[in-house]
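Engineer: First the structure, then my questions, so here it is.
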Amino acid sequence: MMLRSEGDFILASNFAQDLTNLVMQYLELWKTHANGRLCVTVPKEKYCVIFTKMKKEGFVSFKIIYTYTTYGDEPVYYDTDSDYFNESWGASNISHYVSVSEDHLTEIHYSIPIRGLMLPPDKMEESIKQFVIKDQAKIDEANRQKRITELEKELGILKSNDSTTS
């Protein structure tokens, strides 16, 4: 059994808070510049970060936990004893609507490369911005290649139609 001192707990607590702050800073920069890319979406709602066992070398694993609320209207039906109830109306026996809301507790698992967390804030932000530029270039190139393929296919159809009409 390993004995730990009060200082060990204080040190661990301080390191945990420091790591949480770094991850939150990274996530806020991600939300500002790259939200939704790589299927990583940081919620607009307030969230907390819970660290999980590392799954991949060189990455910090965690989950984001947050609550979001959905709103809607639900019909209130006339009671069968009501003077306004009519059997022939079926589902149309609606008296009025009430507004309802429902809270949903959600958690999302993510990983961040440790090397990204080790950067100073300005470099961290620049790194995310550069990622977005490169990712958008890949998407644009894929769309360009897809368009070229579509146009070549259309051209092939037009050429085959031209040779059959001549």
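Engineer: In the set SER88, SER95, which member is modelled with pLDDT under 95, not β-branched (Val, Ile, Thr) and not in a strand (DSSP E or B)?
Structural biologist: Details: SER95 fails: not in a strand (DSSP E or B).
Unique residue meeting the criteria: SER88.
Engineer: So, one more: Does region 108-117 include one or more residues that are out of contact with any Ser or Thr (no Cβ under 9 Å at 6 or more places or on another chain) and of a type in the set (A, V, I, L, M, F, W, C)?
Structural biologist: yes
Engineer: Next question. Within region 36-67, work out how many residues are surrounded by 14 or more Cβ atoms within 10 Å (Cβ to Cβ), under 13 Å from the mean Cα position of the chain (by Cα) and not charged (D, E, K, R).
Structural biologist: Number satisfying all stated conditions: 8.
Engineer: Can you name every residue in region 1-36 that is farther than 17 Å from PHE51 by Cα, of a type in the set (Gly, Ala, Ser) and in a helix (DSSP H, G or I)?
Structural biologist: Across region 1-36, the qualifying residue is only GLY7.
Listed here are the residues, each with its yes/no results for (1) closer than 28 Å to HIS33 by Cα; (2) surrounded by 11 or more Cβ atoms within 10 Å (Cβ to Cβ); (3) β-branched (Val, Ile, Thr).
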{"residue": "THR69", "(1), (2), (3)": "yes, no, yes"}
{"residue": "TYR77", "(1), (2), (3)": "no, yes, no"}
{"residue": "ASP81", "(1), (2), (3)": "no, no, no"}
{"residue": "TYR97", "(1), (2), (3)": "no, yes, no"}
{"residue": "HIS104", "(1), (2), (3)": "yes, no, no"}
{"residue": "PRO120", "(1), (2), (3)": "yes, no, no"}
{"residue": "LYS146", "(1), (2), (3)": "yes, no, no"}
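One line per residue, one yes/no per condition, for (1) under 12 Å from VAL132 (Cβ atoms); (2) out of contact with any Lys or Arg (no Cβ under 8 Å at 6 or more places or on another chain); (3) at pLDDT 95 or above:
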position: LEU3; (1), (2), (3): no, yes, no
position: ASP8; (1), (2), (3): no, yes, no
position: GLN25; (1), (2), (3): no, yes, yes
position: LEU29; (1), (2), (3): yes, yes, yes
position: GLY36; (1), (2), (3): yes, yes, no
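The values are calculated or read from the model by the stated rules, or taken from the named source; none is laboratory data. The model shown is predicted, which means the values in this text are computed figures rather than measured ones. So basically every Cβ, Gly included, is an ideal-geometry build from the backbone, and we count neighbours across all protein chains shown.
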